[in-house]
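Trainee: The structure's right below; bear with me while I get my questions together.
We did not get these values from a lab; they are worked out from the coordinates using the rules stated. Worth saying up front: this structure is predicted, and the values here are computed from it rather than measured. With ideal geometry, Cβ positions are generated from the backbone for all residues, glycine too; neighbour counts draw on all protein chains shown.
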Amino acid sequence: MTRSLFNLFCGGAVLMSLGGVGVATPVRAQEVVPVPTPNADRLADEMRVLAREPRNLRALLSAGELSAKLNDPAAAAGFFARAQLIEPTNPRVLAGQAMVMVRMERPGEALRLFAQAAQGGLAMDRYASDRGLAYDLIGAQAHAQREHRIAMRDDPDDETIRRYALSLGISGDTQQAERVIEPLLRRSDRAAWRARAFILAMNGDAAGADRIAASMMGGFGSALSPFFRRLPALPASDKAFAVHFGEIRRTAARIADASVAPPLPPLPRDAGVAVAGVQPGRLPPPVTRRSGDAPSAAQRRRESAREQRLAAERAAQERAASERAAREAERVAKARATQARVLAAAQQREADQVATQQRQVREAEAQRVADAAEAARQAEARRVAEAEQAAREAEARRMAEAEQAAREAEAQRVAAASSATPPEPVRAPASGPSLPPTVAADGDATPPRAIGGEDNVIARIIAGITIPASELGVEPMPGQAPVVDAASAEPVPVAIAEASPPAPTPAAPPSPALARATPQPPKPDPAAERAAAEKAKAAAAKAAQAKAAAAEAKAAAAKAKAEPARHWVQVAGGANVGALPREWKRLVEQAPAEFRGKQAWTTPLRFTNRLLAGPFKSTGEAQAFVNAIAGKGLSAFAWTSEAGQKIEKLSVK
């Protein structure tokens with residue numbers, strides 16, 4: 001049986017009296033009264049509240065629960081989603097979403113949400129009817145019937161009575177099921193007669209179910225016969241899905257949903273619940289006539305009159321039912337149209353607010369990223385400039401220290417060379433009056449010092465200082481061999497001969513006192529030479545360090561230029577780089593539209609590796625990609641690489 005035929009059976013009108021098919025019908029005319037619709041009226045009131053206050057949490061929760069009871073799960077889900085945005089931890093939101101899941105044929109998920117709501121401290125008695133239906137759909141009839149009894153004790157509405165009767169029929173308790181549903185049958189409740197047909201079929205009375213279907217659907221009733229005859233052989237959970245949703249096949253989605261249901265709680269003992277208005281006894285049997293009795297003319301007239309009266313009553317009931325259904329449909333249509341307009345306006349306002357907030361967040365994030373990038377560029381420029389300046393200063397210091405060390409070493413060499421040259425003896429002036437010798441304190445006579453002759457003596461001393469050719473780095477003049485001192489075995493420098501002036505008059509040899517008074521040049525200091533050499537070596541090492549620092553700064557700047565800071569989305573990670581392409585393919589298969597045009601990249605992270613998608617122009621664009629793939633059940637996060645960090649493209653075949 002297709003679902004369309006099932007829906008036709010569940011939504012069709014009673015076309016004729018059920019008395020002719022072996023069921024009881026009223027024997028007197030009933031007063032036609034409008035069917036009360038408290039849930040629809042309350043929903044209209046809540047919609048008016050939401051029109052004034054779109055973020056009224058109480059009104060949103062109440063509107064969602066009423067929409068679910070009116071079998072509009074899409075509208076109910078919208079109300080609960082809006083309520084969750086206002087207060088995500090409210091347990092009534094979880095219970096309301098569970099009501100939606102029951103009507104969307106996902107009882108396992110519904111029971112999981114009911115359990116979470118109960119853990120949040122919410123009293124579950126007001127949700128007992130929906131919770132009982134969820135238990136029925138997973139085949140736990142004992143738990144389901146307990147929840148139905150709780151619901152009937154607190155709020156015995158018609159839907160709960162029908163659900164309780166069907167649950168009893170699924171578990172095989174036909175007599176109790178008929179006692180529970182009898183008050184609704186006496187009111188000619190169409191849904192109750194459909195439930196009775198299912199109860200009869202599930203327990204082997206397919207013929208009785210066929211008679212009810214034929215009465216409700218006319219010529220289409222026979223199409224339900226195969227469906228009725230398959231019901232007894234089905235498991236309990238499949239029976240529940242069949243009578244509530246018209247679904248006989250056990251699909252993979254149903255199996256997966258049943259796996260998320262929490263463990264069944266232990267059943268406490270309860271005293272049961274009496275159904276209001278139910279009197280003991282079965283339905284009255286139909287009026288029958290023994291085959292041997294021949295009806296008299298009076299009896300035939302009475303039966304004809306009775307049939308005409310019943311036909312008139314049935315016609316009146318059908319007209320009244322049609323009028324009530326038309327009025328109810330019109331009222332519900334108006335209410336739903338009003339609800340749709342109000343909801344659309346509220347959703348548009350919220351969408352505009354969310355769009356404005358998201359735009360402001362994106363703009364703030366873009367400004368923050370731009371400011372951070374500018375600050376990073378300026379900091380990098382300052383660092384490079386400071387490194388280059390430090391390198392230049394270090395190089396200048398090194399050159400200055402090296403030059404100073406070279407000058408000091410040269411001066412020490414010159415001093416050492418000058419100390420090795422003996423002073424030239426002082427000669428007496430060639431002419432002029434001779435002066436008497438001066439008598440020293442110790443009695444030695446010293447030659448008199450000529451007035452104005454001091455400069456000549458100093459000049460002669462300086463002229464006598466010569467620098468060896470080896471120190472100057474030149475070769476001896478051609479034809480002139482170096483003179484070797486026999487005492488030191490070192491070459492003695494020989495001055496270049498010039499034109500000899502006239503030989504001066506020999507002077508008297510200097511006295512011993514004059515020889516003692518002649519100043520001796522200082523001897524070279526080895527410690528000073530070593531200190532100067534060490535100082536020059538330290539200066540050279542410092543200059544080398546500065547040069548290396550400058551080179552390292554240039555290399556870092558070049559690396560940052562080659563690998564700038566970029567925005568990515570990390571979609572996975574793993575220690576084995578070779579496994580990342582397979583993971584990338586799996587993600588692309590799960591969200592092909594979102595990954596279209598994206599390239600896979602990777603970079604090390606301690607002992608593992610990042611799997612990246614990107615690069616993106618901004619953090620906001622990366623976060624938008626994260627939100628997009630989150631809708632496909634994929635988790636990821638935005639990440640920004642540092643300048644100079646190596647990001648390698650991942651080859652995915």
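Trainee: Using a cut-off of 21 Å between alpha-carbon atoms, which lysines can reach K537, once sequence neighbours fewer than 8 places away in the same chain are excluded?
Mentor: Excluding near neighbours in sequence, the set is K547.
Trainee: Determine, for each peptide in 121-128, 206-213, the mean count of other beta carbons within 10 angstrom over its residues, then list the peptides with the highest first.
Mentor: Ranking, from highest mean packing down: 206-213, 121-128.
Trainee: So what is the relative contact order for region 161-221, in percent, with contacts set as C-alpha pairs under 8 Å and at least six apart?
Mentor: The normalised contact order for region 161-221 reaches 29 percent.
Trainee: Could you check the spin-label model distance between Q378 and T37? Points 7 Å from the Cα along Cα→Cβ, value in nm.
Mentor: 6.7
Trainee: Okay, moving on. Take each of the peptides 301-311, 240-250, 539-549, average the number of other beta-carbon atoms within 10 Å over its residues, and list them starting from the highest.
Mentor: My ranking of the peptides, most packed first, is 240-250, 539-549, 301-311.
Trainee: Follow-up. For region 556-632, take every pair of Cα atoms, bin their distances at 10 Å starting from 0, and report each bin as a whole percent.
Mentor: Whole-percent P(r) values from 0 Å outward: 18, 46, 31, 6, 0.
Trainee: At R52 and A337, where each label point lies 7 Å from the Cα along Cα→Cβ, what is the point-to-point distance in nanometres?
Mentor: With each label placed 7 Å out from Cα toward Cβ, I get 2.5 nm.
Trainee: What's the extension gain from A396 to L605 if we count 0.36 nm per residue and subtract their Cα-Cα distance?
Mentor: My answer for the length gained is 71.0 nm.
Trainee: If I stretch the segment between A312 and R327 completely, what's the gain in nm (0.36 nm per residue apart, minus their alpha carbon distance), one decimal?
Mentor: Contour length minus the Cα-Cα distance gives 3.2 nm.
Trainee: Please compute the length gained on full extension between K535 and R300, using 0.36 nm multiplied by the number of residues separating them and subtracting their Cα-Cα distance.
Mentor: 70.3 nm
Trainee: Right, here's the next one. Contact order normalised by length for region 65-143, with contacts defined as Cα pairs under 8 Å and 6 or more residues apart; what percent is it?
Mentor: With pairs under 8 Å counted, the relative contact order is 25 percent.
Trainee: Further, regarding this structure: Using mean Cβ contacts within 10 Å as the protection proxy, how do 53-63, 146-156, 195-205, 379-389 order, highest first?
Mentor: 195-205, 146-156, 53-63, 379-389
Trainee: Which of the three applies to region 323-364, rounded, prolate or oblate, going by the alpha-carbon gyration tensor with a ≥ b ≥ c and a/c under 1.5 meaning rounded?
Mentor: Because a/c hits 1.5 or more and a/b exceeds b/c, region 323-364 counts as prolate.
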